[in-house]
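The structure appears below as structure tokens.
The values are calculated or read from the model by the stated rules, or taken from the named source; none is laboratory data. Keep in mind it's a predicted model, so treat the numbers as computed, not measured. Cβ coordinates were reconstructed from backbone atoms using ideal geometry, including for glycine residues, and neighbour counts include every protein chain displayed.
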Amino acid sequence: MGLLKGSFSFARFGVEGQMPQAFLNFVNNRIKANSFRDSPKSTEEKRLGWVSITDVLDAEFEKANYALGDYLIFSLRIDRKMIPPKLMAIKVMEEERRFLAQNGKSRINKQATAGIKDKVKLELLTRLDPVPSFYDVCWALGQNTIYFSSLSDKVADDFVDLFKKTFSLNLRRLGPQENPQIAKKIAEAAIKQEEASLSGREFMTWLWYKSEERNGRISLPQGEEVELNFLKRIVLEAGEGEYSQGVVCHGLHAELKEGKEAIRQGKKVKEAGIKLTYNQNEWEFTLKADNFHFQSLKLPVTEWQETEEDPSGKMLERIYLIENAAKTIDVLYDFFLNVRYSPQWDEKEVKSLAKWLHQSQV
């Protein structure tokens, strides 16, 4: 459980829709109405619902309060029954031979074969135990933002659907294309959708250059400064889908030199390991450019001691640090877009980036 301890991987969602009055009462009723309900003998291949984040067996939220300050904290439980393909094949063969022997036939028509497969599948699903998975949900009410601990599109789709069913609110994925500056440029026809889709990769390619310009220190417009360094693994790619061509670089010298050569050939950074330092806090994580997913975020070490008087303090401290890592990347992205769509880009930044690439050849 990444919200409670250890590293935390997450995607972000924006909450859309009107919050009802007496919101916490509404949430209390709706979350319990859509909590997880166990049914071991069910033939369902997938069953899902909400459970407590501190006790995954507590689907009634009797022992733990999901309201924590300005946050709602709970988990999504998804149980799946998965039939191993080889087991399915063997059981179908057995049932087909039994069918042939009982009916005195040497061949089975398509309709009978389909019926046998359905029968075997239902029998296996009834006997199989489901495999449970749990995904943390942190709903920051003040920012209308949700931090969700899965990077899988399929799991995210299940989460979005159940969230809408539960709260009658829509979710939108928050990635680089959702930035207001990008949306404005598209509306003004200043950039095309194809260019916007690569804005995250262009940002991270620029970020690599900026991280080496002043030994990791990057000055922000407000007079603040962050320190950012790319770690040992950088993935670069050009093109999309079956036409994509990628390069994975490891190390600090020759391999990363190869990565800069890939940039000269038109590739851009798709994901990279990053160490970020800001306000005396240090994070390490992998950032994915296309969707701004944070993978394996390691939080700063804190000396917070949980007490009986303040049992939720450690959780709130972790949420604060998670939010700050994401917000700092957002600030850097806004800074990049301000430069990218200004005269400074062609007048200065492109030349400086070309010089940085040339120096790596020397």
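Selection of the range 123-153 for residues being β-branched (Val, Ile, Thr) and without any contact (Cβ under 8 Å) to a residue 60 or more places away in the chain yields only Val131. Among the residues of the range 327-362, none is identified as of a type outside the set (S, T, N, Q), over 18 Å from Glu202 (Cα atoms) and surrounded by 15 or more Cβ atoms within 10 Å (Cβ to Cβ).
Evaluate the range 98-117: report whether one residue or more is under 30 Å from Trp50 (Cβ atoms) and surrounded by 12 or more Cβ atoms within 10 Å (Cβ to Cβ). Looking for residues that are under 30 Å from Trp50 (Cβ atoms) and surrounded by 12 or more Cβ atoms within 10 Å (Cβ to Cβ), one finds none in the range 98-117, hence no.
Close Cβ contacts (under 6 Å, 6 or more residues apart or on different chains) running from residues in the range 216-229 that are modelled with pLDDT of 90 or more to residues that are of a type in the set (Lys, Arg) comprise Ile218/Lys210; Glu225/Arg217; Glu227/Arg217; Asn229/Lys275. Filtering the range 1-30 to residues that are under 16 Å from Ser296 (Cβ atoms) and among the aliphatic types (A, V, I, L, M) leaves Met1, Leu3, Leu4, Ala11. Note on the range 171-185: residues that are in contact with a helix residue (DSSP H, G or I) (Cβ under 6 Å, 6 or more places away or on another chain) and in a helix (DSSP H, G or I) total 4.
The single condition among (1) surrounded by fewer than 18 Cβ atoms within 10 Å (Cβ to Cβ); (2) out of contact with any helix residue (DSSP H, G or I) (no Cβ under 6 Å at 6 or more places or on another chain); (3) at pLDDT 90 or above that Asp70 does not satisfy is (2).
Go through Gly200, Gly259, Gly223 for me and flag whichever is part of a helix (DSSP H, G or I), assigned by TED's automatic domain parsing to the domain that holds Ser342, over 20 Å from the mean Cα position of the chain (by Cα) and of a type in the set (Gly, Ala, Ser).
So the residue among Gly200, Gly259, Gly223 that is part of a helix (DSSP H, G or I), assigned by TED's automatic domain parsing to the domain that holds Ser342, over 20 Å from the mean Cα position of the chain (by Cα) and of a type in the set (Gly, Ala, Ser) is Gly259.
Of the residues making up the range 182-203, those that are surrounded by 15 or more Cβ atoms within 10 Å (Cβ to Cβ) and either at pLDDT 95 or above or not hydrophobic (A, V, I, L, M, F, W, C) (or both) are Lys185, Ser197, Ser199, Gly200, Arg201, Glu202, Phe203. Once the range 1-36 is narrowed to residues that are among the small types (Gly, Ala, Ser) and closer than 19 Å to Thr145 by Cα, the residue that is nearest to the chain's Cα centre (by Cα) is Ala11. Within the option set Leu256, Leu297, being closer than 25 Å to Thr205 by Cβ and either modelled with pLDDT of 95 or more or in contact with a Pro (Cβ under 8 Å, 6 or more places away or on another chain) (or both) holds for one residue only, Leu297. Annotation for the range 93-105: no member residue is modelled with pLDDT under 90, under 30 Å from the mean Cα position of the chain (by Cα) and not aromatic (Phe, Trp, Tyr). Before we move on, is Phe159 in the same structural domain as Ile263 (by TED's automatic domain parsing), part of a helix (DSSP H, G or I) and of a type outside the set (Lys, Arg)? No; evaluated as a whole, the condition is false for this residue.
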